[in-house]
Structures are given as C-alpha cells and as structure tokens.
1. Regarding region 169-177, can at least one residue be identified that is at positive phi and surrounded by fewer than 18 Cβ atoms within 10 Å (Cβ to Cβ)?
2. Scanning region 198-230 for residues that are more than 24 Å from K140 (Cβ to Cβ) and small (G, A, S), which turns out modelled with the lowest pLDDT?
3. Cβ-Cβ below 7 Å, separation at least six or inter-chain, first residue in region 151-176 and within 21 Å of E96 (Cα to Cα) and assigned by TED's automatic domain parsing to the domain that holds G132, second part of a loop (DSSP other than H, G, I, E, B) and of a type in the set (S, T, N, Q): which pairs?
4. When region 164-202 is examined, which residues are found to be in a helix (DSSP H, G or I), more than 22 Å from S126 (Cβ to Cβ) and hydrophobic (A, V, I, L, M, F, W, C)?
5. Output the number of the condition that E182 fails; it satisfies all remaining conditions of (1) crowded, with 16+ Cβ neighbours inside 10 Å; (2) at negative phi.
6. Taking region 96-110, which residues are touching a residue at least 12 places away in the same chain (Cβ under 8 Å), closer than 17 Å to C159 by Cα and out of contact with any Pro (no Cβ under 6 Å at 6 or more places or on another chain)?
Amino acid sequence: MLRHCSFRRQKRKREEKPPCLRDAKQRKKGDVVASTSVKKEDLKKTKKIEEAVVTLKPRGIPPVPNVQARAIFMLDKAPLRKGLIRKRWKILNSEEDADFLLKQKKNLNDYRPDIVHEAVRAIFDSPLNRAGMVGAVYVKIDNGVWFEIKTHVRIPRTCKRFCGVMLKLLEKSCIRDKDMGEILIRVIEEPVIPSNSRIVGLSYSSEKLVDIEDYVCAASDDLNLVFVVGTMVNGKINRENTDDFISISNYPLGSRCCMGQICEALEQKWKIY
C-alpha cells in the first residue's frame, strides 16, 4: 500500500512538470544533436551579419537639400608619423610611445594622431555629412603627403584602430572595402578643388574675427566653401593658397571644436537637423 501511494506521488510530480522538461528525457540523441546544430548555424548566421555590418562602409544617406554647393574640408599638418618599435611598425603616439620619443629627443606635441582622429570624426559623424553635403575630405600629413577619405566611410571609433588604418594607408597607398573592393582612402598628389570654390583658412592668429554662422550664411549657395584647418598642437597653416583667412573665436580652439562649429553653422544655413 505504501509503495502504491509513493508511485502515485511520483506520477503526479511528473505530470506537474512543464512540457519542455517532460519531453527532454523522451528525446532521442539524434534530436538533441540536430537542435544544437541548428543553434550553431543560427549563431554563425548572426556572426556573419554582424561582421557584414562592421565591414560595410557606405552609410544610408537621407535626401540631399536642393543646394549645388558643398563643404570641402582640408586638414593641414596632420601629425601621422610611423616608427619602428620592438620590431613592429606603428603610428607613433605621444601617450603610448613617450619613453621612446623622449630617448630620441623628439617633441611629444609632434606625435598626436588623436587630434587628427577627433577632427575627422567630427566631420564624418555630423548631420552635415550624413545629409550628403560634404563634398570631399583631404588630409595633408606634415611630411607633405596628401590623402583623400571618401565621405561615406565609417571612421574607426578608437584612435588605436584609426592609427592601424593610417599605417596600412602609408604602406599600401590605399584602403579598399573588403567586400566591394571600393577604394575608401587613397594617397593623392594634390586635392581636386572645383573652380567655383572659396578657400577659407582658419587660425587663431588671424586678425579677421568673424561669427561663423553669419560668415557661411553670407556665402552664395552656388559657391563651394573649402575650409583649411590645422591639426597640430603648435604652429599655423599656410595662408598662401587661401582666398580668405579668418578666426572664429577670441580663444584658441582645438581642431575638433573648429570642425564642429563649421558643420553646425552650415547645418543651420541649409536647415539640416
């Protein structure tokens, strides 16, 4: 009698269990393997999708305002210098390679790739660029080499990854998309500036102080504005080839801040929000 009662209790416990737990013991080994293989295939698919999203360079661009003019940016004197440290080539950085640079009696301010990275990101992450209103972005390294970055490229989020891309660029002269084979960044002889352009140099040393919003609003919508901004700690840009030489603040501003103010002023002018 006692055995019979205990058997009934065990039966009730089995019935009270959720179906997923009851069916688990009844599955065959082949079924379990199949389910795990499906999970692995799903994981592989999601990984491929994630990799495609990471490696996919072109952005989705919203409708472009009905304006012929474009903004062009030229970053001057970019401190991107490569060096051999521990048998490995890299873009030298004053933070990571301070001991090496000081032993070589180098000025740490001449090795600041983070300034270039921040300035480039300020342009590419702006609504102005996402609206398709940036015509071109050119960077001139302090050794005289020019390179162009396509405006639909996704810039690496960290300075370390950015330096890795720059090192590859200096070695191979171009960076291509892995999937499409499109050239994303390339070394060029000199920038190609449209004929209907006005080259504007920005420097704190300029005596012409302007309100950047009023300045860009006064320019014609048929005129391409080319902004030349330095990306170095000390010094100033070469004003020989500029049509205008202005200052946008009473205080020295970093390159990222300058880019941000220019982009915001143009966004206000063209009503890009």
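1. Going residue by residue through region 169-177, those that are at positive phi are 173.
Applying the additional criterion that residues be surrounded by fewer than 18 Cβ atoms within 10 Å (Cβ to Cβ) yields 173.
Yes, because at least one residue in region 169-177 is at positive phi and surrounded by fewer than 18 Cβ atoms within 10 Å (Cβ to Cβ).
2. S220
3. Short answer, once both residue conditions are applied: C163/N93.
4. Within region 164-202, the subset in a helix (DSSP H, G or I) is 164-172.
Right, trim to more than 22 Å from S126 (Cβ to Cβ) and you get 164, 167-172.
Of everything in region 164-202, those that are in a helix (DSSP H, G or I), more than 22 Å from S126 (Cβ to Cβ) and hydrophobic (A, V, I, L, M, F, W, C) turn out to be L167, L169, L170.
5. (1)
6. Taking region 96-110 as the starting set, the residues that turn out to be touching a residue at least 12 places away in the same chain (Cβ under 8 Å) are 97, 100, 108-110.
Retained after the next criterion (residues that are closer than 17 Å to C159 by Cα): 97, 108-110.
Of everything in region 96-110, those that are touching a residue at least 12 places away in the same chain (Cβ under 8 Å), closer than 17 Å to C159 by Cα and out of contact with any Pro (no Cβ under 6 Å at 6 or more places or on another chain) turn out to be D97, L108, N109.
To keep it simple, each residue is scored yes or no on (1) part of a strand (DSSP E or B); (2) crowded, with 21+ Cβ neighbours inside 10 Å; (3) of a type in the set (K, R); (4) in contact with a Lys or Arg (Cβ under 6 Å, 6 or more places away or on another chain).
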position	(1), (2), (3), (4)
N66	no, no, no, no
A69	no, yes, no, no
L75	yes, yes, no, no
G83	yes, no, no, no
K90	yes, no, yes, no
L101	no, no, no, no
K105	no, no, yes, no
H117	no, yes, no, no
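The values are calculated or read from the model by the stated rules, or taken from the named source; none is laboratory data. Everything numeric here is computed off the predicted structure, so don't read it as measured data. Don't worry about glycine lacking a Cβ; one is built from the backbone with ideal geometry, like all the others, and counts go over all protein chains shown.
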